[in-house]
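The structure appears below as structure tokens.
The values are calculated or read from the model by the stated rules, or taken from the named source; none is laboratory data. What you see is a predicted model; the values in this text were computed from it and never measured. Reconstructed Cβ throughout: ideal geometry from the backbone, glycine too, with neighbour counts over all protein chains shown. Protein only, heavy atoms only, side chains kept; ligands, DNA and RNA dropped before computing areas. Shrake-Rupley method; radii C 1.70, N 1.55, O 1.52, S 1.80 Å.
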Amino acid sequence: MSRLLDLLEEERRKLNQLGEASLKQAIPLWDNPEVQEQSRRVDELVARVSEIKARHSRGVR
């Protein structure tokens, strides 16, 4: 789980960097395919972390 959280944090940093660069170039985030792709990666990782946490909490009860 720790590796997954580290990966999530790394991918979030990349997303933030892409977003900042896009905004500096006056490109809307929704019009930047790189930002959109990175956002999907982050969303997938968030979903995986949430799923693991949910399974863990069900198993602990």
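Can you pull out every residue in the stretch 41-61 that is farther than 14 Å from residue 10 by Cα and of a type in the set (D, E, K, R)?
Those that are farther than 14 Å from residue 10 by Cα and of a type in the set (D, E, K, R): 48, 51, 53, 55, 58, 61.
Every residue in the stretch 13-51 that is within 10 Å of the chain's Cα centre (by Cα) and not acidic (Asp, Glu), please.
Those that are within 10 Å of the chain's Cα centre (by Cα) and not acidic (Asp, Glu): 13, 14, 15, 16, 38, 39, 40, 41, 42, 45, 46, 47.
Take the stretch 22-56 and flag every residue that is part of a helix (DSSP H, G or I), in contact with a helix residue (DSSP H, G or I) (Cβ under 9 Å, 6 or more places away or on another chain) and open to solvent by less than 70 Å² (accessible area, probe 1.4 Å).
22, 29, 35, 36, 38, 39, 42, 45, 46, 49, 52
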